[in-house]
1. May I ask you to list the residues in the range 115-127 that are within 17 Å of Gly81 (Cα to Cα) and exposed (fewer than 10 other Cβ atoms within 10 Å of the Cβ)?
2. Among Glu157, Glu130, Glu142, Glu99, which is the only one that is under 29 Å from Leu36 (Cβ atoms), acidic (Asp, Glu) and either exposed (fewer than 14 other Cβ atoms within 10 Å of the Cβ) or free of Cβ contacts under 8 Å to residues at least 12 places away in the same chain (or both)?
3. Quick check on my filter: what residues within the range 69-84 are farther than 20 Å from Ala54 by Cβ and either in contact with a Cys (Cβ under 7 Å, 6 or more places away or on another chain) or not polar (S, T, N, Q) (or both)?
4. Looking only at the range 90-104, decide whether some residue is among the aliphatic types (A, V, I, L, M) and in contact with a Ser or Thr (Cβ under 9 Å, 6 or more places away or on another chain).
Amino acid sequence: MRAQQPAGAAEQNRIEARPVMAESADEPLPRRQQQLLAELRTHGGELSGQQLHARLRLRQGPEAMGLATVYRHLRQLQQRGLVRCRHRPSGEALFAPQERDEHHLTCVDCGHSRVLPHCPLSQPDLPATELGGFLPLFHTLEFFGLCAACRQQQQSEP
């Protein structure tokens, strides 16, 4: 059983989950991270590292950063709370800007994903006492199951 807290203590012990935009407000992002973030924002959907790399090569030609560099900078953007990542059932990682708070229904059979119209966890209010010093940057939420077409196909199989 939890100990009773004085009135107002619960509110003082809560922090909101919000992205840390940069390590320092005066510290701009490196040029390559700016390029990746701009490309993700321009696209409007999620992109894999390979898709991002291909788009950069189309724009910049052979001077574009290599695939390993793309993934390294995507990881650094994640660590800053600027990019979120989710994985398809195949294991493929998809990236999008953090400000695009999208959550998905994903079929484990065919891999089709559908964006939910709203975030069921909008504005999570997490008790600081339960976080143990952890600073949340962003959250992801994905439901896995069977889409209508795969369910129908499974039901019609002998």
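1. Ser122, Gln123
2. Selected residue: Glu99, the only one of Glu157, Glu130, Glu142, Glu99 that is under 29 Å from Leu36 (Cβ atoms), acidic (Asp, Glu) and either exposed (fewer than 14 other Cβ atoms within 10 Å of the Cβ) or free of Cβ contacts under 8 Å to residues at least 12 places away in the same chain (or both).
3. Gln78, Arg80, Gly81, Leu82, Arg84, listed by residue number.
4. There is at least one residue in the range 90-104 that is among the aliphatic types (A, V, I, L, M) and in contact with a Ser or Thr (Cβ under 9 Å, 6 or more places away or on another chain).
Bear in mind these aren't lab numbers, they're just calculated from the coordinates by the rules spelled out. If you're wondering where the values come from, they're calculated on a predicted model, not measured in any experiment. Cβ atoms come from the backbone with ideal geometry, glycine included; neighbour counts cover every protein chain shown.
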